[in-house]
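Undergrad: Questions regarding the structure given below will be posed in turn.
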Amino acid sequence: MPQQFDLVVVANRLPVAADQDAEGATSWTRSPGGLVSALEPVLRKEHAVWVGWSGRPAPDPYSTEDLGLELEPIPHDIGPCALSEVELSREDIEGFYEGFCNSTIWPLYHDAIATPVYHRHQWEPYVEINRRFAERVAELAQEGATVWVHDYQLQLVPGMLRERRPDLRIGFFLHIPFPPIELFLQLPWRREVMQGLLGADLVGFHTPGGAANFLALTRRLLELDPDDTGVDVVDVLRAGDRRRVTVGAFPISIDTVEYDAIARTVEAQDAAVEIREKLGNPKHVLLGVDRLDYTKGIDVRLKAVSELLADGSITPGDAVFVQIASPSRENVEDYQRLRDEIELMIGRAMGDHGDIGAPPIQYLHQPLSREELVAFYVAADVMLVTPYRDGMNLVAKEYVASRYDDSGALVLSEFAGAAVELTDSFLVNPYDADGVKRAILAAMNSDPDELRARMRAMRAQVFDHDVNRWASSFLTALDRSEYSR
Ligand code: GDG
């Protein structure tokens with residue numbers, strides 16, 4: 001019998017990542033993401049384990065070439081708590097991760113900006129991998145333990161886990177938007193997904209809108225009778241017991257104090273000065289920071305900046321737009337196409353409007369360290385966050401947290417979860433090209449006192465609602481959720 005734990009965090013990725021070099025030697029890095037820092041205090045306090053994938057492909061059990069190969073174990077002392085790796089072979093990654101997760105669920109839940117594909121041969125690995133995760137958790141969880149399942153890759157885990165371990169208290173949090181009913185209903189496996197999610201005691205979303213979409217679906221699809229805070233379900237396995245599933249909004253956030261502290265360091269400030277100098281000390285530095293993803297609306301701001309350059313509202317030398325796009329999901333076709341489109345747009349705008357020595361757009365397709373990123377936040381006068389749809393968007397909050405002197409302006413899409421909280425940004429509809437252009441000009445040219453007042457209000461919000469508050473409010477709600485044992 002393996003060692004058992006009181007708290008089990010389950011996410012597609014472990015908080016550490018494996019990198020394999022050409023000879024197959026593995027090196028490990030800790031992933032510095034917000035989720036890890038939010039959970040770190042709880043993970044240290046409780047007897048906890050994190051279940052997830054390491055990012056390296058496991059040998060394929062059916063391939064003669066891989067026969068007898070085994071993965072090197074994860075070093076013991078590297079994570080914030082015990083780690084349990086769920087192995088995924090190349091074939092699993094293709095069908096489950098690149099397939100069903102990122103070619104079906106991701107586009108469908110983001111308002112079908114890219115067309116979701118519905119392939120039966122990708123649904124099967126989704127079920128199979130979710131089962132693999134659920135089985136692992138069932139082995140590792142102590143009697144009555146708390147289990148926190150994360151995100152769209154693992155929506156079936158709560159239901160599968162409840163079947164195996166009805167004694168557990170199970171929370172599920174979705175990091176991406178939950179779509180309107182009409183979109184969700186396209187999914188051929190809509191019932192299975194809903195039943196998977198309803199295996200949890202608490203289902204959390206970023207926004208009240210996501211929670212409302214989910215509750216409305218329980219009525220429409222499953223003929224249940226939800227109220228504003230949850231829904232009663234009948235547990236077939238437990239002789240028709242009624243069980244309450246609590247549903248609510250838990251807007252995720254960042255380690256605000258840490259971003260503020262990095263921004264205040266001499267290193268960050270020197271680096272910011274250097275960035276501005278290298279850009280030719282323009283009056284306005286505009287910035288975008290995203291994974292290179294079609295949901296993020298990188299094209300929206302490129303179009304706006306190009307048109308503003310074309311009509312002379314902004315001039316090279318006076319304003320520079322820097323787009324940092326970190327590489328993402330490079331094996332998925334829609335992402336390959338997107339990269340070509342974005343780079344074509346940038347090339348065109350540079351060719352049409354650039355001047356020797358004064359390029360109006362700078363583009364980095366490379367991952368940066370967190371410190372380098374903060375230096376860009378400090379250097380930027382206007383932050384452009386224009387997703388077509390986004391669960392939350394942490395970049396918007398990170399920018400605000402880094403503006404320790406209350407200067408700077410945020411242009412933010414109404415369709416990012418962050419818009420619910422950051423109401424003092426310059427809110428835009430990313431589909432309204434003229435509106436986006438007007439908002440950028442307003443952000444560049446507003447009275448500094450007005451900008452400071454807006455930034456102060458946004459900073460108060462992100463300091464008050466940081467990632468620790470997010471994690472503890474979810475875990476407290478889970479602890480209080482009704483359950484039958
Ligand atoms: C999903 C949801 C939700 C980006 N480039 C670099 C880098 N980043 C960091 C940012 C930020 C994170 O990655 C991106 O977070 P976002 O929230 O903006 O977006 P997703 O990756 O799509 O995240 C989203 C989130 O989950 C949490 O629930 O907010 O809606 O889609 O922290 O700073 N970090 C470094 N170098 C880079 O080049 N170090």
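No value in this document is a laboratory result; all are computed from the given coordinates. Bear in mind that the values here come from a model prediction, so they are computed numbers and not experimental data. Neighbour counts are summed over all protein chains in view; Cβ atoms, including those assigned to glycine, are modelled from backbone coordinates with ideal geometry.
Undergrad: Between residue 267 and residue 249, what length comes free when the chain is fully extended (0.36 nm per residue of separation minus the Cα-Cα distance, one decimal in nm)?
TA: Here the answer is 2.7 nm.
Undergrad: For 43, 286, what ranking results if the residue with the fewest other Cβ atoms within 10 Å of its Cβ goes first?
TA: The fewest-first ordering by Cβ neighbours comes to 43, 286.
Undergrad: Next up: Calculate one ³J(HN,Hα) per residue across region 346-362 by plugging θ = phi - 60° into the Karplus curve 6.51 cos²θ - 1.76 cosθ + 1.60, and present them in order as whole Hz with x for glycine and proline.
TA: My calculation for region 346-362 gives 5, x, 4, 5, 5, x, 6, 10, x, 10, 4, x, 9, x, x, 10, 10 Hz in order.
Undergrad: Which loop GluC sites (Glu not before Pro) in region 41-130, with loop taken from DSSP, have no more than 13 other Cβ atoms within 10 angstrom of their Cβ?
TA: 65, 70
Undergrad: Give me Rg over Rh for region 36-123, both radii from the alpha carbons and Rh done the Kirkwood way, two decimal places.
TA: We get a ratio of 1.08 for region 36-123.
Undergrad: So, one more: Modelled label-to-label distance, residue 315 and residue 1, 7 Å Cα→beta-carbon offset: nm?
TA: Placing both labels 7 Å along Cα→Cβ, they lie 7.8 nm apart.
Undergrad: Roughly what % of DSSP beta bridges within region 256-464 run antiparallel, to the nearest 5?
TA: 5
Undergrad: Here's a follow-up. Taking R0 as 45 Å, what FRET efficiency do you get between residue 457 and residue 234 from their Cβ-Cβ distance, rounded to the nearest 0.05?
TA: With R0 = 45 Å, the Cβ-Cβ based efficiency is 0.45.
Undergrad: Using only Cα atoms, find the angle between the long axis of helix 370-379 and the longest principal axis of the chain, and express it within 0 to 90 degrees, rounded to the nearest 10.
TA: Tilt relative to the chain: about 40 degrees.
Undergrad: Mind checking which lysines have their Cα closer than 28 Å to the Cα of residue 303? Skip sequence neighbours fewer than 8 apart in that chain.
TA: Excluding near neighbours in sequence, the set is 278, 283, 397, 437.
Undergrad: Sequence-distant or interchain residues sharing an amide H contact under 5 Å with residue 13, placed H: which?
TA: 53
Undergrad: Now for a separate question. Report, largest value first, the span of the C-alpha coordinates of the chain along each principal axis, in whole Å.
TA: Extents along the principal axes: 71, 56, 43 Å.
Undergrad: So which GluC sites (Glu not before Pro) in region 165-246 are both in a DSSP loop and have at most 11 other Cβ atoms within 10 Å of their Cβ?
TA: 223
Undergrad: Let me ask something else. Given H placed 1.01 Å from N in the peptide plane, which residues other than close sequence neighbours of residue 149 have an amide H under 5 Å from its amide H?
TA: Those lying under 5 Å, H to H, from residue 149 are 10, 171, 172, 173.
Undergrad: Can you give the translational diffusion coefficient of region 256-464 in µm²/s, computed by Stokes-Einstein from the Kirkwood radius over Cα pairs at 20 °C and 1.002 mPa s?
TA: Translational diffusion coefficient: 126 µm²/s.
Undergrad: Which whole-Hz ³J(HN,Hα) couplings does region 325-336 yield from phi under the Karplus relation 6.51 cos²θ - 1.76 cosθ + 1.60, θ = phi - 60°, glycine and proline marked x?
TA: Running phi through 6.51 cos²θ - 1.76 cosθ + 1.60 with θ = phi - 60° gives 10, 7, x, 8, 6, 6, 8, 8, 4, 4, 6, 5 Hz.
Undergrad: May I pose another question? Could you check the simple spin-label distance between residue 331 and residue 281, using points 7 Å along Cα→Cβ, in nm with one decimal?
TA: Output for this residue pair reads 4.9 nm.
Undergrad: Follow-up. Of the beta bridges DSSP finds with both residues in the chain, what % are antiparallel, to the nearest 5?
TA: 20
Undergrad: How much length is gained on full extension from residue 124 to residue 164, taking 0.36 nm per residue of separation minus their Cα-Cα distance?
TA: 12.4 nm
Undergrad: Follow-up question, since we're still on this one. Would you mind checking the tilt of helix 433-445 against the longest principal axis of the Cα atoms of the chain, expressed as 0 to 90 degrees and rounded to 10?
TA: 60
Undergrad: Ok, one more. Taking θ = phi - 60°, what integer Hz values does the Karplus form 6.51 cos²θ - 1.76 cosθ + 1.60 yield along region 22-30, in sequence order, with x for Gly and Pro?
TA: 4, 7, x, 6, 9, 10, 10, 10, 7
Undergrad: Given a Förster radius of 35 Å and the C-beta distance between residue 112 and residue 31 as r, what FRET efficiency does 1/(1 + (r/R0)^6) yield to the nearest 0.05?
TA: Once rounded, the FRET efficiency stands at 0.75.
Undergrad: Sorted from fewest to most neighbouring beta carbons within 10 Å, what does the list 470, 50, 28, 123 look like?
TA: 28, 123, 470, 50
Undergrad: Starting from 0.36 nm per residue, how many nanometres of slack lie between residue 364 and residue 44 once their C-alpha separation is accounted for?
TA: 111.5 nm
Undergrad: Starting from the amide H of residue 206, placed 1.01 Å from N in the peptide plane, find each other amide H under 5 Å away whose residue is 5 or more places distant or on another chain.
TA: Amide H neighbours of residue 206, under 5 Å, 5+ apart: 250.
Undergrad: Grab the DSSP H runs of the chain that are 4 residues or longer, score each as -39,500 (n - 2.57), total them, divide by all residues and round the 222 nm result to the nearest 500 deg cm²/dmol.
TA: -12000 deg cm²/dmol
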